[in-house]
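For reference, the structure is listed below as structure tokens.
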Amino acid sequence: MKKIKILNKKTSLIVLIVFLFISLVFALTFIDKLQSDFDLGTYNQTEYNSSVGSGAVQLNLSFNNGTYTSQIFSTGSNVSLNNLSWEYQRIQCPEGMAYINKLNGYCIDKYEASMPSANSTDMGNSTDVANRNNPGTMQAMSQAGVVPWVGISANNARIACSNAGKHLCTDEEWLAAANLNGSYFNLPTTLSASSGYYCVVDSNTYCLDHSYESGEACNTGTWSGGASNCYSSEGVYDMTGNVWEWTNETVGYTNPCPGGATSCYWNGTIFTTSGAAGTATYGNDITYFSAGTVTGKAVLRGGGWGYGAAAGPFCAGLGGGPTVAGGAVGFRCCRS
């Protein structure tokens, strides 16, 4: 009987050790999936974004590089990492461009195009300005804090992008990158100062008489009060407001606006001349048409510095051909 008791004690001890070992293994298993999990690591110019997939670490848009170190502990032996994943970037984007993980992946200029010699007070030197709409050797640049290149036609914008080893963005590429801090839909009616986006769309944000060519447009990536919050989740600035932007499209259409009006709103089902709550999904962004049946019209996007609530990701201008050049019309380039 005594031996049986001893064996039972040994058996109980072995079971207890096994249980403690299993508990320890489970205790050493952790998952980085929530903000609180990531907060246990060490950040350097990076941040957690809960809106990307099931959560991801991304670069802080104010910086060009950064690191993140997950929580680390010593196990005293080798460990394995399970379910480690990352987003594949198909191409490496040049400086001044951002990668967009849509349409099979492409790069887009972070800033509205500027001339090579542009600075914060001038569009560019006299030679550049004189040739701004005849850019045989001109290259479109993507630069922060400089006067945007305007007064250029869609045809010549294509050449300026080509000279830079890029192409004028297609309408699809432009729209795919036009989110505001990650959102396209149900944005505030106005994207000016009161919304916190500080997009250059009205007198609360525009830069009065800043440029003789672009009127009240501000320097790229800024508003009248300083650094802009009008950027996409990928760090692409000013796709709403500041200056209109050409895309590499020409269209033909019959004006769909009620009563023959030359501007109307899309409410998800039909075009309407009322910017009422029914268009809130699309931010009350307006589309401008020519009267009647029109072919060969080039596409402008985003709206300009004075368009107020009409400006936004879905704002479009379809009233001019690809040879038109205007003082509030610019562009940006893409690369695939």
Dipole magnitude of segment 97-335, debye to nearest 20 (Cβ charges: Lys/Arg +1, Asp/Glu -1, about Cα centre): 380
Cβ-defined net charge surrounding residue 305, 9 Å radius [Lys, Arg +1; Asp, Glu -1]: -2
J(HN,Hα) series, segment 110-126, from Karplus relation 6.51 cos²θ - 1.76 cosθ + 1.60, nearest Hz, glycine and proline x: 5, 10, 4, 4, 9, 6, x, 9, 5, 9, 6, 10, 9, 4, x, 6, 4
Per-residue ³J(HN,Hα) for segment 216-221, Karplus 6.51 cos²θ - 1.76 cosθ + 1.60, θ = phi - 60°, Hz, x for Gly and Pro: 9, 5, 9, 4, 4, x
Spacing of the two label points (7 Å from each Cα toward its C-beta) at residue 172 and residue 194, in nm: 3.8
Semi-axis lengths, Å, segment 97-335, gyration tensor of Cα atoms, sqrt of 5 times eigenvalues: 26, 20, 17
Contour excess over end-to-end distance, with Cα ends at residue 227 and residue 56 and 0.36 nm allotted per residue: 59.0 nm
Likely footprinting exposure, 200, 147, fewest C-beta neighbours within 10 Å first: 147, 200
Local electrostatic count, residue 159, Cβ distance below 15 Å [Lys/Arg +1, Asp/Glu -1]: +3
Kirkwood Rh in Å, taken over all unlike Cα pairs in segment 106-195: 14.5
Charge sum, other residues only, whose C-beta stays under 9 Å from residue 247's C-beta, Lys/Arg counted +1 and Asp/Glu -1: -4
Per-residue Cβ neighbour rank within 10 angstrom, fewest leading, 34, 318: 34, 318
Fully extended contour minus Cα-Cα distance, from residue 122 to residue 34, at 0.36 nm per residue: 27.0 nm
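Just so you know, all these numbers are worked out from the coordinates, no wet-lab data involved. Predicted model, so just to flag it, every value in this text is computed and none were measured. We place every Cβ from the backbone using ideal geometry, glycine too, and count neighbours over all the protein chains shown.
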